[in-house]
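None of the figures in this text is laboratory data; all of them are computed from the coordinates on show. This is a predicted model, so every value here is computed, not measured. Reconstructed Cβ throughout: ideal geometry from the backbone, glycine too, with neighbour counts over all protein chains shown.
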Amino acid sequence: MVLLLAFAAALCFAAAYVLQYHEAHEAPRGLFLSPRLLVELSKHRIWVGGIAAMIVGDLLQAAALGKGSLAVVEPVLTASLLFALPLSAAWRRERLRPIEWSGAVMVSAGLGLLLGVGSPSTGSSDMPMLQWVLVTLAAWGLSLSLVSAGLRLPSPSHRAALIGGAAGVLFGLQDALTRYCLHWVDKDFFHLVVSWQPYVLIVTALYGLTLTQSAYEAGSLSAALPPMALGEPVIGILIGIVALNETFDTSITSLPWEAFGAVVMVVGAWLLARSPLVCGPAGPPPTEQLNRMLHHRERAATRD
């Protein structure tokens with residue numbers, strides 16, 4: 001049941017990626033990294049549809065986290081890249097190519113090997129207060145550092161990759177905070193209300209969403225999506241193992257196969273993310289094409 005919920009969440013996230021990028025990439029550049037970007041995008045129906053898909057995905061992911069561990073749920077979310085391909089292909093009425101089928105097989109095989117051999121444990125949903133503070137500060141510090149580094153880079157693709165990675169870090173923290181809230185909402189609701197984690201969860205989710213749309217605005221989906229889609233499970237698994245007592249089978253016979261499965265899954269996810277079905281056809285964006293066309297016409301008029 002946990003895997004079914006996680007795969008359903010990944011499907012919703014895939015739809016959200018495709019729909020949100022369609023609008024965010026053409027957003028006004030003056031709103032880059034500003035919360036006002038979300039207000040502007042909320043005026044577009046396609047983007048709102050992407051947000052609706054993301055909300056449904058978040059609910060399904062929360063249900064999966066309520067029944068399973070971060071170490072189980074997080075790797076499955078990588079399958080969102082796998083689902084993004086047929087959705088994008090159907091949108092553009094195109095067919096999958098051999099390289100895309102290869103990436104799909106690698107993601108599926110790597111994920112199956114990692115979960116099958118690793119046999120991750122459930123662990124706990126809470127940790128001592130000091131650990132929560134350190135984990136939260138570390139995740140936010142890493143995310144803001146990636147944003148700062150991205151702003152210093154001249155390349156739009158590199159900037160989009162670092163900001164997408166920063167969003168992935170916050171989403172990994174968001175998953176851990178979500179599991180904490182689910183643990184206390186039934187056990188002791190008053191304890192949840194007076195604790196700081198739910199409010200940090202809201203801020204983390206909103207800023208992570210702002211970073212996501214800014215990454216889409218900064219560059220291509222092929223640059224922004226892989227660090228974000230892979231960063232979330234990596235950070236989530238690290239928090240689960242380091243702070244929530246979740247474990248993988250680390251025996252001599254299992255560890256090499258787990259590492260191999262993780263590498264295969266990451267390489268396959270990268271191939272899928274760089275597919276034209278996800279990032280769009282090659283060539284400059286429509287706005288750039290229009291500017292070039294007008295420039296050529298002006299030059300021709302000058303010659304005449």
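Of the trypsin sites (Lys or Arg not before Pro) in segment 115-180, which ones lie in a loop per DSSP and count no more than 12 other C-beta atoms within 10 Å?
Values: sites: 152, 159, 179; in loops: 152.
Filter output for segment 115-180: 152.
Could you work out, for segment 100-159, what percent of all Cα-Cα pairs fall into each 5 Å distance bin, beginning at 0 Å and stopping at the bin that holds the largest distance?
Per 5 Å bin, starting at zero, the Cα-Cα P(r) for segment 100-159 comes out as 4, 14, 9, 10, 10, 17, 22, 12, 4, 0 percent.
At 0.36 nm per residue, and after removing the present C-alpha to C-alpha distance, how many nm does the segment from residue 252 to residue 134 gain when stretched out fully?
39.3 nm
If you put +1 on each Lys and Arg Cβ and -1 on each Asp and Glu Cβ, how big is the dipole of segment 2-279 around its Cα centre, in Debye rounded to 20? If you can, show how the numbers build up before the last one.
Details: 14 positive and 16 negative charges, 157 e Å.
Approximately 760 debye in magnitude.
Under a point spin-label approximation (7 Å from Cα along Cα-to-Cβ), what is the residue 203-residue 183 distance to one decimal in nm?
2.1
For every other residue with a beta carbon closer than 14 angstrom to the beta carbon of residue 5, add +1 if it is Lys or Arg and -1 if Asp or Glu, then tell me the sum. Intermediate results must be reported in sequence, preceding the final value.
Working: positive: 67, 179; negative: 58, 74, 175.
Taking every other residue near residue 5 into account, the sum is -1.
Out of 14, 259, 27, any idea which swings most in a Gaussian network model of the chain, alpha carbons joined below 10 Å?
The residue that fluctuates most here is 259.
Based on Cα coordinates alone, diagonalise the gyration tensor for segment 1-61, multiply each eigenvalue by 5, take square roots, and list the semi-axes in whole Å, largest first. Intermediate values should be presented prior to the final figure.
Details: eigenvalues 135, 20, 16 Å².
After scaling each eigenvalue by five and taking roots: 26, 10, 9 Å.
Quote the FRET efficiency, to the nearest 0.05, computed for residue 267 versus residue 3 with a Förster distance R0 of 25 Å and r equal to the Cβ-Cβ distance. Please report the intermediate quantities before stating the final value.
Working: r = 22 Å, r/R0 = 0.88.
Step by step, r from the Cβ atoms, then E = 0.70.
How high is the FRET efficiency between residue 42 and residue 157 when r is their beta carbon distance and R₀ equals 25 Å, given to the nearest 0.05?
Efficiency, from the Cβ-Cβ distance: 0.40.
In nm, give the distance between the simple-model label positions of residue 191 and residue 96, each being 7 Å from the Cα along the Cα-to-Cβ direction.
4.5
Would you mind giving the average projected area, over all directions, of the Cα convex hull of segment 166-222 in nm² with one decimal?
Details: hull surface 16.1 nm².
With every direction weighted equally, the projected area is 4.0 nm².
For segment 1-124, with only Lys/Arg (+1) and Asp/Glu (-1) charged at the beta-carbon, what is the dipole magnitude about the Cα centre, in debye rounded to 20?
Working: 9 positive and 7 negative charges, 50 e Å.
My answer is approximately 240 debye.
Determine the sum of side-chain charges near residue 70: Lys and Arg each +1, Asp and Glu each -1, restricted to other residues whose C-beta is under 10 angstrom from that of residue 70. Don't skip to the answer; put the middle values down first.
On the way: positive: 179; negative: 74, 175, 246.
With Lys, Arg at +1 and Asp, Glu at -1, the neighbours total -2.
Ignoring everything except DSSP H segments at least 4 long, calculate the 222 nm mean residue ellipticity for the chain; use -39,500 (n - 2.57) per segment, divide by total residues, nearest 500.
On the way: 14 runs with 241 residues, N = 304.
That comes out to -26500 deg cm²/dmol.
Restricting things to Cα coordinates, could you compute the convex hull volume per residue of segment 2-279 in Å³?
It is 124 Å³ per residue.
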